[in-house]
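The values are calculated or read from the model by the stated rules, or taken from the named source; none is laboratory data. Because the structure is a prediction, the values reported are computed rather than measured. Glycine also receives a Cβ, built like all others from the backbone with ideal geometry; neighbour counts cover every protein chain displayed.
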Amino acid sequence: MNIYFVDLENVGLKTLQSLDVSFSDKVFVFSNSSDVKKYCDQSLYFCLSDYPTGSNQADFYIIAYLSKVIEQLSKTERLVNKLVICTKDNSLIVAFEYQCNLNGIRCSSPFKLTKLNNVVSISKTDPSGCVILSLLAKPKPATDLHIQSKLSKPDFTRAFSLLIKEEKVKRSKKSKKLWVLASSG
């Protein structure tokens, strides 16, 4: 049997609707939306919504509820059940897996994000930033980056400013006119 923990505010209703859940599986959905509560009632899912609104409140509640579920599982149930976290939040996935591993329970995450091989993480929300970062294999002036990126001036300026603010790019130590990845000199 699988026990699903769905961070609905992170993955959305379409993800919940697309889960391949058998009748014997348990699905805990974390959301404060009344529409989601209705959907969960119709689907025989447990909607957990009695947590405060605010940053990471659902995440804290998921881990607290996970602890409660783990506590209720017998030794045999810990061996045969698998806990599944449905979220795109890497920090929540790490916390969830840690608790499962600590208690000897199999777990998985269909949305586990892969770690990047380079030191600079690429912004998930801004494809323009990805373009700029890909051009910085060697130090370049900002004007060359703008031309090579083929981005409009406003898009380039916005994306480049965000990369500077996120400390993903910096001026070269050798020449202040050149820009480099923050992980290099």
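Worth pointing out:
- Pairs, first closer than 14 Å to PRO141 by Cα in the stretch 158-185, second of a type in the set (S, T, N, Q) and surrounded by 15 or more Cβ atoms within 10 Å (Cβ to Cβ), C-beta under 8 Å, six or more apart: LEU178/SER172; TRP179/SER172; VAL180/SER172
- When residues in the stretch 134-148 are screened for being at pLDDT below 85 and assigned to a helix (DSSP H, G or I), 1 of them pass.
- LEU8 falls short on exactly one of the conditions (1) at negative phi; (2) over 15 Å from the mean Cα position of the chain (by Cα), and that condition is (2).
- Subset of the stretch 28-82 [among the small types (Gly, Ala, Ser) and over 17 Å from LEU92 (Cα atoms)]: SER33, SER34, SER43, SER49, SER74
- Looking across ASP7, ASP41, one residue alone is farther than 16 Å from ARG106 by Cβ and in contact (Cβ under 8 Å) with a residue 12 or more places away in the chain. It is ASP7.
- Residue match in the stretch 20-29 (condition: assigned to a helix (DSSP H, G or I) and among the small types (Gly, Ala, Ser)): no
- Selection status of ILE93, assigned to a strand (DSSP E or B), modelled with pLDDT of 90 or more, out of contact with any Asp or Glu (no Cβ under 6 Å at 6 or more places or on another chain) and surrounded by 15 or more Cβ atoms within 10 Å (Cβ to Cβ): no
- Checking ASN81 against (1) in the same structural domain as SER55 (by TED's automatic domain parsing); (2) modelled with pLDDT under 85, the condition it does not meet: (2)
- Residue count, the stretch 164-185 (criterion: in contact with a Leu (Cβ under 7 Å, 6 or more places away or on another chain) and of a type in the set (A, V, I, L, M)): 3
- Residue among TYR45, TYR51, TYR65, TYR98 that alone is at pLDDT 95 or above and surrounded by fewer than 20 Cβ atoms within 10 Å (Cβ to Cβ): TYR65
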